[in-house]
1. Please go through the stretch A:171-206 and pick out each residue that is in contact with a Gly (Cβ under 6 Å, 6 or more places away or on another chain) and surrounded by fewer than 21 Cβ atoms within 10 Å (Cβ to Cβ).
2. Tell me whether the stretch A:32-55 contains one or more residues that are in contact (Cβ under 8 Å) with a residue 24 or more places away in the chain and in a loop (DSSP other than H, G, I, E, B).
3. Pairs please, first residue from the stretch A:618-629 and among the hydroxyl-bearing types (Ser, Thr, Tyr), second anywhere and in a helix (DSSP H, G or I) and open to solvent by 50 Å² or more (accessible area, probe 1.4 Å), Cβ atoms under 7 Å, 6+ apart in sequence or on different chains.
4. List pairs: first residue in the stretch A:16-31 and hydroxyl-bearing (Ser, Thr, Tyr), second residue crowded, with 21+ Cβ neighbours inside 10 Å anywhere in the structure, Cβ distance under 7 angstrom, at least six positions apart or on different chains.
5. Test of understanding: among B:Gly78, B:Gly110, which residue is more than 10 Å from every other protein chain (Cβ to nearest Cβ), under 30 Å from A:Lys375 (Cβ atoms) and in a helix (DSSP H, G or I)?
6. Please state which one of A:Val608, A:Val624 is modelled with pLDDT of 90 or more, among the hydrophobic types (A, V, I, L, M, F, W, C) and closer than 23 Å to A:Asp592 by Cβ.
7. Identify, please: which residue in the stretch A:575-604 is open to solvent by 70 Å² or more (accessible area, probe 1.4 Å) and part of a strand (DSSP E or B) and is, among those, nearest to the other protein chains (Cβ to nearest Cβ)?
8. Search the stretch A:363-395 for residues being at the interface with chain B (Cβ under 10 Å from one of its Cβ atoms) and over 25 Å from A:Arg567 (Cα atoms), and hand back the single one that is modelled with the lowest pLDDT.
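The values are calculated or read from the model by the stated rules, or taken from the named source; none is laboratory data. For clarity, every value in this text was computed on a predicted model and none was experimentally measured. Cβ atoms come from the backbone with ideal geometry, glycine included; neighbour counts cover every protein chain shown. Heavy atoms of the whole protein, side chains included, go into the accessibility calculation; ligands, DNA and RNA do not. Shrake-Rupley method; radii C 1.70, N 1.55, O 1.52, S 1.80 Å.
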Amino acid sequence: MTQVEVGLWAQLVLALATVSVAVLARPALRARLAGVGAAALGVAGAVTGVLALTGGQGRLVIPLALPVDPVVLSPTPLGGFFMVVAGAVGAVAAVYAIGYVHGPSASASSWAALATFLLGMQLVPAAADAVSFLLAWELMAAASTVLVLTEHRERLEVRSAALWYAVMTHLSFLLILLGFAVLAAAGHGTSFAAMSHVDPASASTSLAFVLLVLGFATKAGIVPMHVWLPRAHPAAPSHVSAVMSAAMVKMGVYGVLLVVLQLLPAGRPWWGLVLLAFGTVSAVYGILQASVATDLKRLLAYSTTENVGLMFLAIGAGVLLRSYGVVGPAEVAAGTALLLVASHAAFKTTLFLGAGSVLHATGLRDLDRLGGLGKRMPTTAATFGVGALGAAALPITCGFVAEWALLQSLIHGARPEDRLVAVVMPVAVAVVALTAGLALMTFVKAYGIAFLARPRGPEAGTAHEGPATMRVALVVSAVAVVGLGLVPGIMATAVVRAVGLGGIDVFGVAGLGLPGVGAALDPVALTGLALLVAIPVLVVTWRMARRRPSRPVDLAWGGGGVRVSPRMQYTATSYAEPLSRVFDDALRPERDLEITHAGESRYLVERVQFRQQLEDVVEVRAYVPAVRLVDRVGLAARRLQNGSIHRYLAYSFVALIAVLIVVSL
Amino acid sequence: MNGGAAALAVVQVVVMLVVSPLLVGLMRQTRARLEGRVGAGVLQPWRDLRKLAAKETLRASGTGWVSAAGPLVLVASGLLACALVPLVGAVPFVSVPDDLFVVVSVLLVGTVALALVGLDAGTAFGGMGSSRHMTIAALVEPTVLVAVYALSIPVGSSALSRIVLARIDDPASVASPVSLLALVALAIAVVAETGRLPVDNPSTHLELTMIHEAMVIESSGRDLGWLELGSWLRLGALLGLLGSLLVPWGVAQDAGVAAVLVGVVTLVLKLAVLGCVLAAAEVFVAKLRLFRVPELLAGSFVLAFLAVTASYLVVQAG
């Protein structure tokens, strides 16, 4: 038995053990035991992933009682990378959950579902054929639906969120199933090896590509299939949101990479354009919605849509450039998608766990009622700050490195003779730049409103830091954000080499060199230089501070006096107000202004009421009519069933006649 | 780290530290004279800094480390930008390439620090300034990066020193339509980024139109001094960058003493001329309404985008 096989077995055994512990253990011990089990399961997944990534081979065949092919698990290096991401995120979230769970999220079913969810997610990238893939996928989807439903007794909106999630995730399953069916029919086999022999130019291959990409994009939260994300993430317990956002949606990205790198490597140009279009629209739409969101977890959910959009953009650029024979930048673009995956996993775990700590401490997700948490929750504030820097792609975090590499691959991809590419690439650069700018604003808002200034509500004023396990998990994930930002070269080089791409090598201490496009970045040296210029500033400040220390006064200048109440501060809504006005056409906020005049006067106003509501345009325009249509069809279909046994007998009789007629034809 | 580059970086940082307050003083003086006032003199920013350094620093109670660290981060980011951008000489570090994307990100760190300082005190004005500041920063970003893209195409690299050196070698490329479009776009972006008219009025006393001033309204003493110096350094670095791109001559190509001296002198001249032009232009324009600013920025984005597409089409025609 090879090491990889041991690792796969270990995951199965650990998952089974965790589920049994969750069900059997006393409630007082359950969180600790099941949490350790789930964390071990995550670690096992990550270790197996590392083994597969470094060339480890292994093949686990599990015969099923059903009359189908046995389940075959044999992770490729690409799958190994995603196993590492899923396992690491799962382990951190499980440790966090030990201290975080309370009420329904501490129940036996919730812990059992978490272990099942982690197992399913870690096995998806290990699957070597379509049937195993779909089984693992469904395990992941079903368990995560149970997890989203955790708090359905406490909050009514959870039920509707879970319904949306279940429908969308099964739509995704159906599309992927259809896509694999088309490929399997063309390739005469359900194994990925057989499928990769299909003719890339045939119409059925293109059909399979479209179906698969639509299916994976639905899971990845790409616009316009993103509607489940901003509902499911706020509904689920925070550790689950972290895993769903940082790891589960990546399985959609894994699926697309599986298609474009392994199954159908000879992509057509329009495939790249399709991916690019999905990516650009999602990136801009996602961050735009995030920048005006006031619910912290909803904001993070939309930011996930943005980040996954950037990954699709990178993959699409890679496919497009490769089909035009621009090899260097194409490889960098595809490798950048992997960098984006790793960096998003790190910072989004930090952010969701940080949002969980805020929720744990205050019971609030609404930014408009938070404020001043930095003083009361220093660990959460510091780690959330690091995560926010990562999401805003500022140096020296992983987000910055990934976005820098993405821009480099884009600006070097276009050549004058490829007119299409020469038009597409500037648009892509502009989109990346706009998303980077809006992400900056979004995360300054999220951090500044929640953690700085004065508490806007009583809950924020009495907040307190969570238990030690929560803080440990937060610190670990924040260290990953900075670590991947400071020394990205080692990880990036190992990963791109393992999956058979080139174009990235180690530069400087452990920076990123892109020889294919002639660019390099060494974050360690950049940090060193920054420290060198900062030291004199620090010394001067320190000497000035020693001579005249600063003095706190109640509202130094007050900007209007000492009578101001904390509710007069800028809130998240007012912070995003200029932006929502600028992007009025895209966001379409509903505004309602009601003025009551005093008596007969036209000039004296008694009361002014202003209401503004921001809804997801895509949801309102596309999904609400579709749901209404389905409802109407359902109501019409109800007329068929009126409870009369005579009528049902007549139906069977008609059906029988119809079958007989069809058979006789 | 190579010695020549390090020496040049030190020279650039020191020169910019000395010159950028003077640049602001010169701009204020130019404006005062054109408006028929006597003006406070070119040295006034330095006197202000000395005064602020000696004053007691008051902070609103409830503010945390952000109010203390934010001004320092702003200054450090400005200084780092001064060290990276080819102002006096175009000799890049081996391990820290003067990639324009990196420079933009370094400046953005300062932008974010300033915005957080604005929010920290918890007053309405600080939040208002911070919100407007970030909105403009978000909208400027596409223009800056696409303009960088346009400038990088002829050279095949986004490293600033290589762009500047290529311009010295081929002076005709400075006046090419592509380069001019990109530079105009970049200039508008710089005006927006440094809070000059018509985007923000640096000498405003009307709170409702403030952007930069609203953010620093709660700061005092050395905090305010650092914030002012940080913004002046940004202005100096960005104007200096425009100068190096527009008039690349005089930029030292090695770290020899004579070349560096020429570089320093030409840098000071370029900054003085650009500062006077900008100040003179500011006399004739009024501040735009905040919600008209996006239109200006969209215009500059279109210019940058045209520059990129034109550079591919022009090469194809040629």
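1. A:Ala194, A:His197, A:Val198
2. Yes, some residue in the stretch A:32-55 is in contact (Cβ under 8 Å) with a residue 24 or more places away in the chain and in a loop (DSSP other than H, G, I, E, B).
3. From the stretch A:618-629, no pairs qualify.
4. A:Thr18/A:Ala34; A:Thr18/A:Gly37; A:Thr18/A:Ala38; A:Thr18/A:Leu41; A:Thr18/A:Ala115
5. Just one listed residue meets the conditions, B:Gly110.
6. So the residue among A:Val608, A:Val624 that is modelled with pLDDT of 90 or more, among the hydrophobic types (A, V, I, L, M, F, W, C) and closer than 23 Å to A:Asp592 by Cβ is A:Val624.
7. Per the stated criteria, the residue is A:Arg591.
8. Applying the filter and picking the extreme gives A:Pro395.
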